[in-house]
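Take a look at the structure set out below.
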Amino acid sequence: MLQHACRRVSAFASKYTALPTARRTLVTKAIQDLPAWKLGRLNHVAIAVPDMAQASSFWRDVMQAEKVSESVAMPEHGVYTVFVELGNTKIELLHPYGDKSPIAGFLAKNKSGGIHHICLDVPDIQQALATLRASGVQSLSDEPKIGAHGLPVVFLHPKTCGGVLVELEEHRSGSAIA
């Protein structure tokens, strides 16, 4: 799955560089004219799982992750979450909560589960959204919502992110990274 995602990101980059120079210049100029923001670290990779207990056990007992959280219900997002701490980043296990869960639809297409999205830190989610939207990137919602760590998050449409569902999570300087 990860190799597939990398190929899709690479394909997106090659499509961008294949744009006529004038179009690339317009996109670059639009980015330069907006307030600066910096893409931060990889916060987590989210994996949709059909069996949360089995997936938690795999990461704790087989992969020997030192810290695997308890399952937390997040009805407002339609998921149960478990976080696996890896030191420099996390893995987020996602399981459907309710019939309208976005993860239920993903698992209907991918019975064994798989990588659902990546999450990247940004210092100012509103600045990031303004810059990205000016460059043609679409978000799945008009405004950020509060995510699993109690911080603002927004998802970017995979059709405008090289086939990858990207979550941005705001981490202002001085805020604790959960």
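Structure summary
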| item | result |
| --- | --- |
| Residue match in the range 129-138 (condition: of a type in the set (Ser, Thr, Tyr) and closer than 22 Å to GLY78 by Cα) | no |
| Members of the range 67-78 that are modelled with pLDDT under 95 and either within 16 Å of GLY105 (Cα to Cα) or surrounded by fewer than 12 Cβ atoms within 10 Å (Cβ to Cβ) (or both) | PRO75, GLU76, HIS77, GLY78 |
| Residue pairs meeting the criteria (Cβ under 8 Å; at least 6 apart or on separate chains; first under 21 Å from ALA73 (Cβ atoms) and free of Cβ contacts under 8 Å to residues at least 40 places away in the same chain, in the range 139-154; second among the acidic types (Asp, Glu) and not in a loop (DSSP other than H, G, I, E, B)) | HIS149/GLU169; LEU151/GLU169; LEU151/GLU170; PRO152/GLU169; PRO152/GLU170; VAL153/GLU167; VAL153/GLU169; VAL153/GLU170 |
| Pair list, Cβ < 7 Å and 6+ apart or interchain, from the range 77-88 residues that are closer than 17 Å to LEU151 by Cα and polar (S, T, N, Q) to residues that are outside any loop (DSSP other than H, G, I, E, B) and open to solvent by 60 Å² or more (accessible area, probe 1.4 Å) | THR81/VAL72 |
| Any hit, the range 125-132, residues being surrounded by fewer than 16 Cβ atoms within 10 Å (Cβ to Cβ) and either within 15 Å of TRP37 (Cβ to Cβ) or among the aromatic types (Phe, Trp, Tyr) (or both) | yes |
| Cross-chain or 6+ apart pairs with Cβ under 6 Å, the range 50-73 first and more than 15 Å from GLU85 (Cβ to Cβ), then surrounded by 12 or more Cβ atoms within 10 Å (Cβ to Cβ) and small (Gly, Ala, Ser) | PRO50/GLY113; MET52/SER71 |
| Test for SER112: is it at pLDDT below 95 and among the hydroxyl-bearing types (Ser, Thr, Tyr) | no |
| Total residues in the range 40-66, condition at pLDDT below 95, loosely packed, with under 13 Cβ neighbours inside 10 Å and not charged (D, E, K, R) | 0 |
| Single unsatisfied condition, GLN3 versus (1) under 19 Å from SER112 (Cβ atoms); (2) touching a strand residue (DSSP E or B) at 6+ places or on another chain (Cβ under 7 Å); (3) at pLDDT below 95 | (2) |
| Single unsatisfied condition, LYS111 versus (1) free of Cβ contacts under 8 Å to residues at least 60 places away in the same chain; (2) part of a loop (DSSP other than H, G, I, E, B); (3) closer than 27 Å to PRO50 by Cα; (4) not hydroxyl-bearing (Ser, Thr, Tyr) | (1) |
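The values are calculated or read from the model by the stated rules, or taken from the named source; none is laboratory data. Quantities reported herein were computed from a predicted structural model and do not represent experimental measurements. Neighbour counts are summed over all protein chains in view; Cβ atoms, including those assigned to glycine, are modelled from backbone coordinates with ideal geometry. For accessibility, only protein heavy atoms count, side chains too; no ligands or nucleic acids. Shrake-Rupley method; radii C 1.70, N 1.55, O 1.52, S 1.80 Å.
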